[in-house]
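Data block below; observations after.
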Amino acid sequence: MKNYKYIIGLFTILLAYNCTSVSEEDLIDNTPPPNSVSFNEDVRIIMENNCTFCHGDPPTNGATTPLVTYQNVVDGVNNNNLIQRISAQPGEGGAMPLGGPRLPQNLIDLIIEWEAQGFIDDTPPPPPITFDDDIKIIMDNNCTFCHGNPPTNGATTPLVTYQNVVDGVNNNNLIQRISAQPGEGGAMPLGGPRLPQNLIDLVAEWQAQGFIEN
Ligand code: HEC
Ligand code: HEC
């Protein structure tokens, strides 16, 4: 019994010694953190080099989905077996890239890792919408024919300068007028076809971003 206690005591001393002799270095985890895989840095370029030739927007050569944007590729993985298709051996049904050699295994692994890490999105935000770059040209092409300075053909306000167009949105329902369906009262451009929806959205987004001038 005494021997037993002695051994335990010795063991405790050894253990204590061992713990105090652990250097600080041993306590720091030196394993590098797993690299994070993200869309813009890693995945986008793989698509551009191997897939968007057919999976562009619009897709060509029989492909049915684009693989251009972050959402495109996430949808490809979640809904269209993208990872199974690039993992398939050439010749197996559905193997991608179609007709091409299999991607190098490290690129396949990168996409698998991107999914495992939760589809990190590092796409830079689009540049802000400005009057000088985006809005002025819409007015020049569709409105200033009547909304010049001075306005003509019955229009009562110019839409030439930055301030003109801000006033049009704030005081004269400019966005409601371009959003109206042709034939609806007040629809603009007067008598013309409705603007393409992407241009209407651009003007609305310009307002939402606070009317940036340049
Ligand atoms: C030479 C043209 C071509 C290239 C390059 C190509 N694909 Fe495809 N892909 C197709 C065609 C055609 C289909 C439709 C037939 C099928 O489903 O197999 C398709 C289908 C797919 C589908 C199913 C959804 C859809 O769009 O129909 C996925 C996912 C896919 N490809 C992923 C990829 C990936 C990822 C790459 C690049 C690594 C790639 N493809 C490269 C032609 C191509
Ligand atoms: C063919 C001539 C014509 C074109 C092109 C035209 N408008 Fe007009 N616009 C008018 C006339 C006429 C009025 C006055 C009658 C009314 O209020 O509907 C008017 C009125 C307006 C008004 C109310 C303030 C004002 O000046 O009376 C706004 C805002 C407006 N238009 C915006 C636009 C926008 C934006 C475009 C281009 C997308 C455009 N219009 C293109 C003729 C035109």
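Structure above, values below:
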read-out: Enumerated helices (runs of 4 or more DSSP H) restricted to the range 1-94, each holding at least 3 residues that are assigned by TED's automatic domain parsing to the domain that holds Ile108 and at pLDDT 55 or above; value: 44-50, 70-79, 82-87
read-out: Breaking point among (1) in contact with a helix residue (DSSP H, G or I) (Cβ under 6 Å, 6 or more places away or on another chain); (2) more than 6 Å from ligand 2 (Cβ to nearest atom), for Lys136; value: (1)
read-out: Residue tally, condition closer than 18 Å to Ile200 by Cα and of a type in the set (S, T, N, Q), over the range 136-152; value: 3
read-out: Selected residue (only one of Asn214, Asn149, Asn153 is in contact with a Phe, Trp or Tyr (Cβ under 7 Å, 6 or more places away or on another chain) and in a loop (DSSP other than H, G, I, E, B)); value: Asn214
read-out: Of residues in the range 60-80 being near ligand 1 (Cβ under 6 Å from one of its atoms) and either over 20 Å from Glu115 (Cα atoms) or of a type in the set (S, T, N, Q) (or both), the one surrounded by the most Cβ atoms within 10 Å (Cβ to Cβ); value: Ala63
read-out: First in the range 165-189 and loosely packed, with under 15 Cβ neighbours inside 10 Å, second anywhere and of a type in the set (A, V, I, L, M, F, W, C), Cβ under 9 Å, 6 or more apart; value: Asn170/Phe211; Gln181/Ala187; Gly186/Ala180
read-out: The range 70-87, residues that are over 13 Å from Ile111 (Cβ atoms) and free of Cβ contacts under 8 Å to residues at least 12 places away in the same chain; value: Gln71, Asp75, Asn79
read-out: Members of the range 177-204 that are of a type in the set (A, V, I, L, M) and part of a loop (DSSP other than H, G, I, E, B); value: Ala180, Ala187, Met188, Leu190, Leu195
read-out: Matching residues in the range 146-187 - criterion: being of a type in the set (Ser, Thr, Tyr) and more than 14 Å from Ile135 (Cα to Cα); value: Thr152, Thr156, Thr157, Ser179
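This table checks each residue for (1) under 23 Å from Tyr70 (Cβ atoms); (2) surrounded by 15 or more Cβ atoms within 10 Å (Cβ to Cβ).
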position: Pro90; (1), (2): no, no
position: Met96; (1), (2): yes, yes
position: Leu103; (1), (2): yes, yes
position: Asn106; (1), (2): yes, no
position: Asp109; (1), (2): yes, no
position: Phe119; (1), (2): yes, yes
position: Thr123; (1), (2): yes, no
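The values are calculated or read from the model by the stated rules, or taken from the named source; none is laboratory data. It should be emphasised that the depicted structure is a prediction, and the values quoted were computed from it without experimental measurement. No Cβ is skipped: glycine too gets one built from the backbone with ideal geometry, and neighbour counts run over all protein chains shown.
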